Amino acid sequence: MQKEVWLAEERKSAVARVADHTQLVRSVLDLVDEIPRGRVMTYGDIARCLGLRSARQVGQVLARYGHEVPWHRVVMADGSTAPHHALEQRARLRADRVRLRGGRVDLSSVRWAPPC
């Protein structure tokens, strides 16, 4: 009997984790979708805005679901692009009229700060 109760509790917590994850994914994608053309945010900016523990959480969401939003508008803290998509990301940023210097975005001129 006690084992059945424990298993029922485990199922409830697993369902809650999935629901939380879905909300996390949606929150990240919604915010990235709002980044205006010609502007960027860093992974850390997004994490802070959404109250997440780590910029890596944002990276993980974008790695899996980023194709649904303008993922190229999210860069690293130093303005550099994702190493595994660097050429494509830089091309998309240029198409958005984001100026790059030495392969990095000048965050002082194009960083977007939404009301969080």
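No lab work stands behind these numbers, since they all come straight from the coordinates. Only a predicted model underlies this, so the values are computations on that prediction, with no experimental measurement involved. Here the Cβ positions follow ideal geometry from the backbone for every residue, glycine too, while neighbour counts run over all protein chains shown.
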>> If I filter region 89-109 down to residues being surrounded by 15 or more Cβ atoms within 10 Å (Cβ to Cβ), under 19 Å from GLY66 (Cβ atoms) and aliphatic (A, V, I, L, M), which single residue comes out as farthest from the chain's Cα centre (by Cα)?
In response: VAL98
>> So, in region 66-88, exactly how many residues are among the aliphatic types (A, V, I, L, M), over 18 Å from GLY44 (Cβ atoms) and surrounded by 12 or more Cβ atoms within 10 Å (Cβ to Cβ)?
In response: 1
